[in-house]
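Notes to accompany the following structure.
The values are calculated or read from the model by the stated rules, or taken from the named source; none is laboratory data. If you're wondering where the values come from, they're calculated on a predicted model, not measured in any experiment. Ideal geometry is used to build each Cβ from the backbone, glycine not excepted, and the neighbour counts take in all protein chains shown. Note: accessible area is taken over every heavy atom of the protein model, side chains too, but ligands, DNA and RNA are not part of it. Shrake-Rupley method; radii C 1.70, N 1.55, O 1.52, S 1.80 Å.
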Amino acid sequence: MEEVPLEAQRSQAPAPEAETGAETRITIDSPDAMQELGRRIAALLRPGDLVLLTGELGAGKTTLTRGLGEGLGVRGAVTSPTFVIARVHPSLTGGPALVHVDAYRLGGGLDEMEDLDLDVSLPESVVVVEWGDGKVEELSDDRLHVVIARAVGHEEVLDDVREVSVRGVGARWSAGAGLDALAGALSE
């Protein structure tokens, strides 16, 4: 039997990915509804939560984050941090701060983002990373992945309609932690 080096064994072994929790899919029909979804998600968040936002340019990632900020009761206008990379919005209500990161221009993974000290901010904040897939998952075994896609119907893009998938990863989200109620709350 051929001996496999330890590093090769690690790369062949399944990643110790934390278990996937609930997933919910929601159709959003306006920027206001996207912001409301952000407020609803914020009600589920607590210090130490990591939220990854994925979607093409103009999909609504910052609009969703604006709703998160409103729901968390943070100070300052939530705008895209594309040119400053990260913004911290302190809480006005004694809750967690919102750390809003745009990783679009960052090519590397977590190593390139070390200067942002996200690992230091995470325990007492809610950290939201736009374009974070494949870059910051190592920050936490427990995280939310929010994927926003433009809806397509009859060969045309429907301007304001978005299909949003919210998936929890890790023990924190294994029982769903209220994600299943998000879709119903928006249709009321």
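Here are some notes:
- Filtered residues of the stretch 133-148 (kept if under 20 Å from Glu163 (Cβ atoms), open to solvent by less than 50 Å² (accessible area, probe 1.4 Å) and over 8 Å from the mean Cα position of the chain (by Cα)): Ile148
- When Val129 is tested against the conditions (1) at pLDDT 90 or above; (2) part of a loop (DSSP other than H, G, I, E, B); (3) not acidic (Asp, Glu), the lone failure is (2).
- Close Cβ contacts (under 7 Å, 6 or more residues apart or on different chains) running from residues in the stretch 162-188 that are within 22 Å of Gly58 (Cβ to Cβ) and among the small types (Gly, Ala, Ser) to residues that are modelled with pLDDT of 70 or more and open to solvent by 30 Å² or more (accessible area, probe 1.4 Å) comprise Ser165/Glu23; Ser165/Arg25; Ser165/Val147.
- Residues that are open to solvent by 50 Å² or more (accessible area, probe 1.4 Å) and under 15 Å from His89 (Cα atoms) were ranked within the stretch 55-70; the one that is farthest from the chain's Cα centre (by Cα) is Glu70.
- Restricting the stretch 33-54 to residues that are open to solvent by less than 10 Å² (accessible area, probe 1.4 Å) and outside any strand (DSSP E or B), the residue that is farthest from Gly178 (Cα to Cα) is Met34.
- For the stretch 136-145, the criterion of being in a loop (DSSP other than H, G, I, E, B), at pLDDT 75 or above and β-branched (Val, Ile, Thr) is satisfied by at least one residue.
- Boolean, Gly48 is touching a residue at least 12 places away in the same chain (Cβ under 8 Å), of a type in the set (Gly, Ala, Ser) and on the phi > 0 side of the Ramachandran plot: yes
- Count of the stretch 55-93 residues which are outside any loop (DSSP other than H, G, I, E, B), touching a His at 6+ places or on another chain (Cβ under 7 Å), without any contact (Cβ under 8 Å) to a residue 24 or more places away in the chain and not charged (D, E, K, R): 1
- Residue that is least open to solvent (accessible area, probe 1.4 Å), among those in the stretch 1-32 that are modelled with pLDDT of 50 or more and hydroxyl-bearing (Ser, Thr, Tyr): Thr24
- Test result for Val169, within 24 Å of Arg39 (Cβ to Cβ) and either modelled with pLDDT of 65 or more or surrounded by 20 or more Cβ atoms within 10 Å (Cβ to Cβ) (or both): yes
- Which numbered condition Leu158 fails, given (1) farther than 13 Å from Ala86 by Cβ; (2) modelled with pLDDT of 80 or more; (3) open to solvent by 10 Å² or more (accessible area, probe 1.4 Å): (2)
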